[in-house]
1. Given labels modelled 7 Å from the Cα in the Cβ direction, how far is it in nm from Ser2 to Met28?
2. Please list, in chain and number order, the residues 5+ apart from Leu138 or on another chain whose amide H is under 5 Å from its amide H, with Hs placed from the backbone.
3. What does the accessible area per residue of segment 1-44 come to in Å², with a 1.4 Å probe and no ligands, DNA or RNA counted?
4. 5 Å is the cut-off here: which amide hydrogens, built 1.01 Å from N in the peptide plane, fall below it relative to Arg195, excluding neighbours closer than 5 in sequence?
5. If you add up the charges near Lys21, with Lys and Arg at +1 and Asp and Glu at -1, over every other residue whose beta carbon is less than 15 angstrom from its beta carbon, what do you get?
6. Which of the pairs Lys44/Lys217; Lys17/Lys44; Lys21/Lys44; Lys171/Lys217 have their Cα atoms more than 28 Å apart in this structure?
Amino acid sequence: MSRPELTGHASLFYNAKEARKYDSSSRMVGIQREITERAIELLKLPEGRPSFVLDVGCGSGLSGQVLEEHGHVWVGCDVSRDMLDMANERIERKREAANGNESDDDDSDDSDMDDENNGEENGNRKQWKEEPSPGDLLHHDMGTGLPFRPASFDACISISALQWLCYSNSKDQIPKRRLMRFFSSLYQVLRRGARAVLQFYPETSEHAILISECAAKVGFAG
């Protein structure tokens, strides 16, 4: 099976059919979850409070879902509108579910208040854990640079996306130039001391070296 990067631009490969196929594959979902869990470990984010995380090449939002489960807030960007449509469907489902839960909570406000007051009288105030907000989405080509304000994010992840920048689908797509735009802008939008965990599948050792060199030139280490 040929690499998808060799078939053309990612926005064309991940059409509606491929996007739904990817999102419904239990194998792909499992792999994505496992890699994202490991990426979150490597980010070493502070415990006990949500972090604001950028997900580059977020696809159908599978990695964003894992970020939410860990209590973080995220923004995802992807070049495929069809993948983003899948991600948006997931986000809308979560919002609808959250709204339904809020209605249930309203019906039981009085009993909740009684429970809380009783807890205070006993010196044991209840601790409520607020659900993280669903992620926001942006249709964007990472090879043109990231369009966010400086120092916006606490961290960044990218799962199985960065290798697309090593391929050219037109005369104006020069891999090294696109990688430099991406890493330069990523360095700017991360807060001081923030980490980025970027997992990718290089086709050749030359691709891996090119990516590493471009990252190092703008100040990334490790």
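1. Reported label-point gap for Ser2 and Met28 is 1.8 nm.
2. The answer is Gly76, Cys77, Asp78.
3. 67
4. Cys156
5. Neighbour charge sum, excluding Lys21 itself: -2.
6. Result: Lys17/Lys44; Lys21/Lys44 exceed 28 Å.
The values are calculated or read from the model by the stated rules, or taken from the named source; none is laboratory data. Just so we're clear, the structure is a prediction, and the values are computed from it rather than from any experiment. In this analysis, Cβ positions are derived from the backbone assuming ideal geometry, glycine residues included, and neighbour counts consider all displayed protein chains. When the accessible area is computed, the model is the full protein with side chains, heavy atoms only, and any ligands, DNA or RNA have been set aside. Shrake-Rupley method; radii C 1.70, N 1.55, O 1.52, S 1.80 Å.
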